[in-house]
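Read the structure below first, then the notes.
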Amino acid sequence: METRLEEFKEYLRKIEYLNAASGLLYWDMRVGMPKKGIPYRGKMLSYLSGEAYKLQTSDTMKEYIEYFVALEGLDDVTKAMVERAKKNYDQTKKIPEERYIAYVELTSNAEAAWEEAKGKSDFEIFKPFLEKLVSFNQEFVEYLGYEKNKYDTLLDNYEPGITVERLDVVFGELRDAIVSLLNKIENSKVKIDDNFFKKSFTEKEQEEFSLFILEKMGYDFEAGRMDVSTHPFTINFGNKDVRITTHYLENEFRSALFSCIHEGGHAIYEQNIADDLDGTMLGGGTSMGVHESQSRYYENILGRSREFWTYFYPEAVKRFPQFEGVSFDEFYKAINIVEPSLIRTESDELTYSLHVIIRYEIEKELINGKIKVEDLPQIWNAKYKEYLGVEPKNDAEGVLQDMHWSGGSFGYFPSYALGNLYGAQFLGKMLKEMPDYNKNIAEGNLDEIRLWLKENIHKYGSVYKPAELIKKVTGEELTAKYFIEYLNNKYNKVYEL
Ligand code: ZN
């Protein structure tokens with residue numbers, strides 16, 4: 001069996017290498033490739049993913065899976081590895097190839113249609129594509145099967161094991177708590193001025209400050225690098241080459257800074273995964289939601305905390321004359337300003353989850369055939385008015401703002417809000433286990449936190465599914481209570497409620 005296991009790993013490594021090569025080509029495409037290279041690059045990428053697909057669905061793969069599934073008493077890692085390979089195999093085999101090819105073709109046309117529709121702010125252009133995308137996804141759910149809710153099957157692609165039944169509870173609680181806090185904040189006497197963040201900041205000074213913070217967070221620059229791209233992202237090829245990108249806005253100090261801290265959180269997760277998971281297909285973060293828990297923990301819970309800025313504010317004032325005369329309190333509050341807005345990616349920490357919950361509620365009804373695509377703009381706008389008190393003037397700042405649906409990504413959005421919940425749940429545990437948690441942060445010592453995250457979460461890669469991991473780390477199931485408590489504590493102070 002040991003020999004078979006080594007052979008199986010060698011086989012899986014081939015898939016990993018192909019995926020890593022595709023990843024590197026993708027990174028280059030986003031960071032520095034000349035425009036005219038796009039068509040050739042597209043062919044390279046589709047060739048490589050075709051090769052990976054063949055390995056993933058081959059008879060050899062089938063034999064390995066059958067051999068290992070029949071064995072008893074496998075260790076956690078081997079068991080998880082076999083389960084993952086089996087899931088990939090089953091999923092690709094259950095969907096008829098010609099339907100899948102038609103779907104891939106549809107998504108590439110849908111992306112172009114979405115871009116045009118967004119540019120012209122006209123939902124009608126995107127509508128027929130979205131209708132087809134929804135119906136394809138409904139069809140795929142039938143092939144793949146479901147127990148209680150059709151949408152569960154799509155959620156499972158991004159957050160294995162999560163269900164509508166559970167999300168309805170936690171998101172419902174979270175939505176009500178945020179809406180109630182928002183109402184209180186709107187009536188608060190405290191008015192926050194954040195105009196000093198909108199002065200002019202050069203790219204170079206922003207970059208240096210971000211690099212300084214990333215270094216302090218424990219992002220390993222010998223196993224990573226930072227570049228510029230239109231949309232910030234993290235990508236890795238193994239755990240020794242984990243790259244991040246950012247995007248600088250001259251008149252918004254917070255944009256690149258917090259995106260660096262966010263991507264830094266994703267990257268530290270990948271860098272800290274155990275070396276011996278190489279060749280198991282488990283050497284990456286376990287789910288989108290758990291990944292977001294790390295990035296959003298660093299960005300918000302840590303990066304927007306009083307203690308964090310107790311240490312970094314003097315450094316900011318030293319580096320940026322733009323902050324002359326801005327007190328610590330003004331600086332801290334401006335980082336935590338709450339302003340309900342229309343665009344998810346520009347929203348503040350408090351209202352962010354509402355943007356996600358709106359998409360969740362809509363997707364769930366769409367996939368279950370309870371609402372129609374043609375009614376989406378109206379439903380979207382009504383929900384924004386009800387939860388956030390703002391109303392889009394057009395489809396571009398409403399239902400067309402995100403590209404996810406055009407790529408067929410239904411079930412993806414909830415991970416963003418789940419990340420907030422997981423992150424606060426981990427925080428609860430950290431506070432219990434680290435008596436000097438706040439003191440360490442205020443002194444700029446972020447290492448103990450990183451090591452705790454590594455020991456409890458990062459090193460396991462994808463060995464445990466999200467629900468297993470949460471239970472293992474915190475002793476509890478997923479709950480909204482820690483995040484709600486965190487939000488109340490924070491905003492009661494910031495807005496003196
Ligand atoms: Zn992220």
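Worth pointing out:
- Between 239, 460, 483, the Cα set farthest toward the positive side of the dipole of the chain (charges on each charged residue's Cβ, about the Cα centre) is that of 483.
- Sequence-ordered 3J(HN,Hα) estimates for the range 197-212 from the Karplus curve with 6.51, -1.76 and 1.60 and θ = phi - 60° stand at 7, 9, 6, 8, 10, 6, 4, 5, 5, 5, 4, 4, 5, 4, 5, 4 Hz, glycine and proline given as x.
- In this structure, the residue pairs whose Cα-Cα separation is over 32 Å, taken from 364/493; 216/333; 94/481; 184/370; 216/465; 385/493, are 364/493; 94/481; 184/370.
- Share of carbon and sulfur in the accessible heavy-atom surface of the chain [1.4 Å probe, %]: 50
- Summary of packing: across the peptides 6-18, 476-488, the per-residue average of other C-beta atoms within 10 Å ranks them, highest first, as 476-488, 6-18.
- Taking packing as the residue-averaged number of other Cβ atoms within 10 angstrom, the listed peptides 379-386, 284-291 run from highest to lowest as 284-291, 379-386.
- Pairwise centroid distance, computed over Cα atoms, of the range 397-447 with the range 452-497, Å: 8
- Centroid-to-centroid separation of the range 289-356 and the range 81-118 [C-alpha atoms, Å]: 37
- Debye, to nearest 20: dipole size of the range 356-455, +1 on Lys, Arg Cβ, -1 on Asp, Glu Cβ: 180
- Estimated purely from DSSP H runs of n ≥ 4, each contributing -39500 (n - 2.57), the mean residue ellipticity at 222 nm for the chain is -21000 deg cm²/dmol once divided by its residues.
- Once the 1.4 Å probe is applied to the protein heavy atoms, the chain comes out at 46 Å² accessible per residue.
- Distant-in-sequence amide H partners of residue 227 (H built 1.01 Å from N, under 5 Å): 244, 245, 246
- Burial order of peptide ranges 460-471, 40-51 (average beta-carbon count within 10 Å, highest first): 460-471, 40-51
- Here the chain was treated as a single set of alpha-carbon atoms; its pair distances binned every 20 Å from 0 give 21, 58, 21, 1 percent.
- Net charge dipole, the range 1-90: roughly 880 debye, given to the nearest 20, about the Cα centre with Cβ charges of +1 for Lys and Arg and -1 for Asp and Glu.
- Magnitude of the charge dipole for the chain, about its Cα centre and with charges confined to Cβ atoms of Lys, Arg (+1) and Asp, Glu (-1), is about 400 debye.
The values are calculated or read from the model by the stated rules, or taken from the named source; none is laboratory data. None of these values were measured; they are calculated from a predicted model. Heads up, the Cβs are rebuilt from the backbone with ideal geometry, glycines too, and the neighbour counts pull from every protein chain shown. Protein only, heavy atoms only, side chains kept; ligands, DNA and RNA dropped before computing areas. Shrake-Rupley method; radii C 1.70, N 1.55, O 1.52, S 1.80 Å.
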